[in-house]
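S.K.: Can you read through this structure? Questions will come right after.
Values in this text are rule-based calculations from the coordinates and carry no lab data. What you see is a predicted model, and the numbers here were worked out from it, not measured in a lab. All Cβ positions, even for glycine, are placed from backbone atoms using ideal geometry, and neighbour counts span all protein chains on display.
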Amino acid sequence: MDPCSSLPRGKGVYLLVFELREGYRGPVGRRLLARLEPGVYIYVGSAWGPGGLRARLCRHLYGRRGRMHWHIDYLAAAPGYRPIGAIVVLNTRRVEPFLAAAGHSSRVFEPVEPRLGGTDDPYGFGHLFLCLAGDCLAAALGLASSVPGALRFIRPTRLYTIDSTG
């Protein structure tokens, strides 16, 4: 069975939790270089284009990708990249900038590079954070709970419904 078939359809926002076991030093697009230490990271992303959440999550959780398009694609192709899970916010509003802003004001997330992952953010916040919490999935769930919408927790092998917050 195709693991991507159980991923949610539609459009929305997600928080990708992943580990960089070897860190990363290199390009993340044409104009930006990143220097990331080994650790667990949270990426705030959205899927409003063709394919929606299913295509985007399949790309980042199961490695199904075409050309490098988003900053996160470069990290997901790095040696030592290991997806841990994702929190999906099923909401018709574009809450991605609000989640990124909340991440910047949090004590458990450390922004790693200005504008990384958020070149289209109207407020200028980066969307990639080093997770300083002991349980980064729980921290990501807490961040996702700060905006209205039903939440889904996705492990690369299983899909869990957590609850509805709005």
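S.K.: Hey, what number do you get for the chain at 222 nm if only DSSP H runs of n ≥ 4 count, each worth -39500 (n - 2.57), divided across all residues, to the nearest 500?
M.R.: The helix-only estimate for the chain comes to -6000 deg cm²/dmol at 222 nm.
S.K.: How about region 1-101: which chymotrypsin sites (Phe, Trp or Tyr not before Pro) there are in a DSSP loop, with at most 14 other Cβ atoms within 10 Å of their Cβ?
M.R.: Sparse-neighbourhood loop chymotrypsin sites (Phe, Trp or Tyr not before Pro): W48.
S.K.: Apply the Karplus parameterisation 6.51 cos²θ - 1.76 cosθ + 1.60, with θ equal to phi minus 60°, to every residue of region 94-109 and state each ³J(HN,Hα) to the nearest whole Hz, in sequence, with x for glycine and proline.
M.R.: For region 94-109, the Karplus curve yields 8, 9, 3, x, 6, 5, 5, 4, 5, x, 5, 8, 7, 8, 9, 10 Hz.
S.K.: In region 47-97, which trypsin sites (Lys or Arg not before Pro) fall in coil by DSSP and have 16 or fewer other Cβ atoms within 10 Å?
M.R.: Sparse-neighbourhood loop trypsin sites (Lys or Arg not before Pro): R64, R65, R67, R93, R94.
S.K.: What translational diffusion coefficient, to the nearest whole µm²/s, does the chain have by Stokes-Einstein, given a Kirkwood radius computed over alpha-carbon pairs, a temperature of 4 °C and 1.567 mPa s viscosity?
M.R.: My calculation gives 83 µm²/s for D.
S.K.: Can you work out the Karplus-derived ³J(HN,Hα) for every residue in region 8-24? Use 6.51 cos²θ - 1.76 cosθ + 1.60 with θ = phi - 60°, whole Hz, and x for glycine or proline.
M.R.: x, 8, x, 10, x, 10, 9, 10, 8, 10, 8, 10, 10, 5, 10, x, 7
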